[in-house]
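As structure tokens, the structure follows; a few thoughts come after it.
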Amino acid sequence: MPLEQLNFITGNRNKLAEVKAILGDVVPLQSKSLDLTEIQGAMEDISKDKCRRAATIVGFSILFTITIARCNVLNIWKIGGPVLTEDTCLCFNALKELPGPYIKWFLQALGHEGLNNLLIAYKDKSAQAVCTFAYSSGPGHEPILFQGRVTGTIVPARGPTNFGWDPIFEYDGETYAEMDKAKKNTLSHRAIALSKLKQWLQTQ
Ligand SMILES: O=c1nc[nH]c2c1ncn2[C@H]1C[C@H](O)[C@@H](COP(=O)(O)OP(=O)(O)OP(=O)(O)O)O1
Ligand SMILES: [Mg+2]
């Protein structure tokens, strides 16, 4: 059965722009900007948990609100539709796949140069960019995962600095940041994961 509406929940507008560009008109996409709590652990467990949280928050819409004494508000909720979330990891092979799911905080604290410095002691500068999408058809429905992985090299920053670690991830001679956007969207970790999601959606 074709999907009527898919709600992509992310606090990152660059991710949203890429997902919209890659999915195009194939999937009717809506989006909500929420900063979902992310647990620690394996990337698959983080992605599933993130999706369950999104399904619970978004899938439920306020049915009615009762104002009780002392102006406390009690909300009663109603079940809603399918949600999509995504978690991105950057795994340095020399560091046994760290920072992995914690890349956001490493990037924020160390910047591009600091991330390069983490690898100074190692010959191996390779890294894997991993994107794990999680789809749930609603609250209580177990999330299904779609993963894409690209191996590249960590290099001193080159190219525009508007999207995360794009300037330090080199693939086939170009950093993601130097690449034409359309090119990144055909070969990236995100593109690979989304092609699996698209294929699966077509079988539903
Ligand atoms: O293609 C990418 N190219 C470069 N950088 C990227 C890419 N994709 C995610 N990133 C960055 C964003 C964040 O610093 C970290 C992942 O953290 P992650 O939790 O998945 O993203 P987020 O918190 O920004 O958005 P969300 O609300 O979907 O969790 O890597
Ligand atoms: Mg996040």
Point to revise | the chain: angle of helix 43-59 to the longest principal axis, Cα-based, in degrees nearest 10 | key: 30 degrees
Review point. Excluding N14 itself, what net charge comes from residues whose Cβ is under 13 Å from its Cβ, given Lys and Arg +1 and Asp and Glu -1?
Key: +4
Point to revise | Net +/- balance of residues flanking M43 in space, Cβ distance below 12 Å, scoring K and R +1, D and E -1 | key: -4
Review point. Within the set K15/K198; K15/K196; K50/K183, which residue pairs have Cα atoms separated by over 24 Å?
Key: K50/K183
Practice item. Straight distance only, please: which aspartates and glutamates reach the Cα of K125 with their own Cα at less than 16 Å, same-chain residues fewer than 8 apart left out? Key: E97, E113, D166, E170, D172, E174
Point to revise | Ascending count of other beta-carbon atoms within 10 Å, so fewest first, for H112, H141, H189 | key: H141, H112, H189
**Study point:** the range 121-199: C-alpha pair distances exceeding 22 Å, %
**Key:** 33 percent
Study note, to complete from the structure: The convex hull of the Cα atoms of the chain, divided by residue count, gives a volume in Å³ per residue of 137 Å³
Revision key, fill the gap. Residue-normalised 222 nm signal for the chain, counting each DSSP H run of n ≥ 4 as -39,500 (n - 2.57), nearest 500 deg cm²/dmol, is -10000 deg cm²/dmol
Study note, to complete from the structure: So the angle from the long Cα axis of helix 189-202 to the longest Cα principal axis of the chain, reported in degrees to the nearest 10, equals 40 degrees
Check your understanding: When the chain is modelled as a GNM with alpha-carbon springs shorter than 10 Å, which of A134, A54, A177 fluctuates the most?
Key -> A177
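Readers should treat all values here as calculations from the given coordinates under stated rules, not as data from a laboratory. What you see is a predicted model, and the numbers here were worked out from it, not measured in a lab. Here the Cβ is made from the backbone with ideal geometry for all residues, glycine too, and neighbour counts use every protein chain on show.
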